[in-house]
Amino acid sequence: MEDVGVVECLTTCDGIYEGDCNHSRRRHHHHHHLFLASAKSHNKALSPATSVHELLQCPVCTNSMFPPIHQCLNGHTLCSICKLRVNNRCPTCREELGDIRCLALEKVAESLELPCKYCSLGCMEIFPYYNKLKHEAQCNFRPYNCPYPGSECSVVGDIPFLVGHLREDHKIDMHIGSTFNHLYVKSNPREVDNAARMLMVFNCYSQYFCLHFEAFLLGMAPVYIAFLRFMGDAVEARKFGYRLEVGANGRKLIWEGTPRSIRDSDQKVRDSHDGLIIQRKMALFFSGGDRKQLKLRVAGRIWKENST
């Protein structure tokens, strides 16, 4: 059995973890002529795949264009979203756009099959042009967002990269082992809104897990929640289970569940109440003393399902 080490750690907090896609032949011919004009205006031939991809790129937002694709009388194209942004004026020649669609370019796009943009990260799938965007939004190989809680961090990457990012840029402690015993201390327990957010990362079973402890309002009641997130996708997360417990003075609260993937934000997990929820009065009871200081010992372990 691996990863049996116990992690003993201490966190003190005094507000420092704050939200730290039937025309006549004549009209078809007219659109075909405009499409060729568009190709000439880009000085590109249509045969190489890369050139076609460039023709399908909106010159304003640079995103791939999907029907309806619009064009001006001179053949310059742009996507439907940007058509609204430019006040019906072609951004290339300043001619009025009108309501001309580039049907020929839409047909060309329909015939294309393209690899997923995450092919360099391991996705080997090939999709029709109009299905590619939908797949990429859910591709299992797409990069992960930084899981640091309550922040606006825009860093994305694979798991090894994010582990290093959390350690170096967010100064998160890394611990090895499937069991832990964490003492959380806060001097002013009455601060609730965004006042107690914490993240630690555990390495066990050759995977990484994020431990969160947050304060928030459940209705009007101030509560705390502790939960675990898995650094990987949801399918892999379901292979693991975890247990959290907190208590003192002859009382104990216990939570067992499946870690959520970091595809789900910490706010999504918190708002679904998928973790160990502790009312503030109970948290102060566990803290003992004069109840002017929050002092909670959160213990737990992680296991691999169907493992002995």
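Look at ARG260 and say whether it is open to solvent by 10 Å² or more (accessible area, probe 1.4 Å), modelled with pLDDT of 90 or more, more than 18 Å from THR179 (Cβ to Cβ) and touching a Lys or Arg at 6+ places or on another chain (Cβ under 6 Å).
Values: open to solvent by 10 Å² or more (accessible area, probe 1.4 Å): yes; modelled with pLDDT of 90 or more: yes; more than 18 Å from THR179 (Cβ to Cβ): yes; touching a Lys or Arg at 6+ places or on another chain (Cβ under 6 Å): yes.
Yes; evaluated as a whole, the condition is true for this residue.
Do the conditions hold for VAL235, that is, is it of a type outside the set (D, E, K, R) and under 25 Å from ARG142 (Cβ atoms)? Break it down into steps so the answer makes sense when it comes.
Values: of a type outside the set (D, E, K, R): yes; under 25 Å from ARG142 (Cβ atoms): yes.
Considered against the rule, which asks whether it is of a type outside the set (D, E, K, R) and under 25 Å from ARG142 (Cβ atoms), VAL235 comes out as yes.
Is it true that some residue in segment 128-140 is among the aromatic types (Phe, Trp, Tyr) and closer than 26 Å to CYS210 by Cα? Reasoning before the result, please.
Going through segment 128-140, the residues among the aromatic types (Phe, Trp, Tyr) turn out to be 129-130.
Adding the requirement that they be closer than 26 Å to CYS210 by Cα leaves none.
Checked against the condition, which is being among the aromatic types (Phe, Trp, Tyr) and closer than 26 Å to CYS210 by Cα, segment 128-140 yields no hits at all.
Yes/no per residue for (1) open to solvent by 20 Å² or more (accessible area, probe 1.4 Å); (2) over 20 Å from ILE159 (Cα atoms); (3) at pLDDT 95 or above; (4) not assigned by the TED database to the domain that holds ASN203:
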{"residue": "VAL235", "(1), (2), (3), (4)": "yes, no, no, no"}
{"residue": "PHE240", "(1), (2), (3), (4)": "no, no, yes, no"}
{"residue": "GLY250", "(1), (2), (3), (4)": "yes, yes, no, no"}
{"residue": "ILE254", "(1), (2), (3), (4)": "yes, yes, yes, no"}
{"residue": "SER265", "(1), (2), (3), (4)": "yes, no, no, no"}
{"residue": "GLY275", "(1), (2), (3), (4)": "no, yes, yes, no"}
{"residue": "LEU294", "(1), (2), (3), (4)": "no, yes, no, no"}
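Checking CYS82 against (1) over 22 Å from ARG260 (Cβ atoms); (2) touching a strand residue (DSSP E or B) at 6+ places or on another chain (Cβ under 8 Å), which single condition isn't satisfied?
Only one criterion is unmet by CYS82, namely (2).
So the check is Cβ under 6 Å with 6+ separation or different chains; which pairs have a first residue in segment 175-191 that's farther than 25 Å from TYR205 by Cα and at pLDDT 75 or above and a second one that's of a type in the set (Lys, Arg) and open to solvent by 10 Å² or more (accessible area, probe 1.4 Å)?
VAL185/LYS295
Which condition breaks for ARG270 when tested against (1) of a type in the set (Lys, Arg); (2) farther than 30 Å from PHE141 by Cβ; (3) crowded, with 19+ Cβ neighbours inside 10 Å?
Failing condition for ARG270: (2).
The values are calculated or read from the model by the stated rules, or taken from the named source; none is laboratory data. Please read these numbers as outputs of a predicted model, since none were measured by experiment. Every residue, glycine as well, gets a Cβ built from its backbone with ideal geometry; the counts of neighbours run over all protein chains shown. Heavy atoms of the whole protein, side chains included, go into the accessibility calculation; ligands, DNA and RNA do not. Shrake-Rupley method; radii C 1.70, N 1.55, O 1.52, S 1.80 Å.
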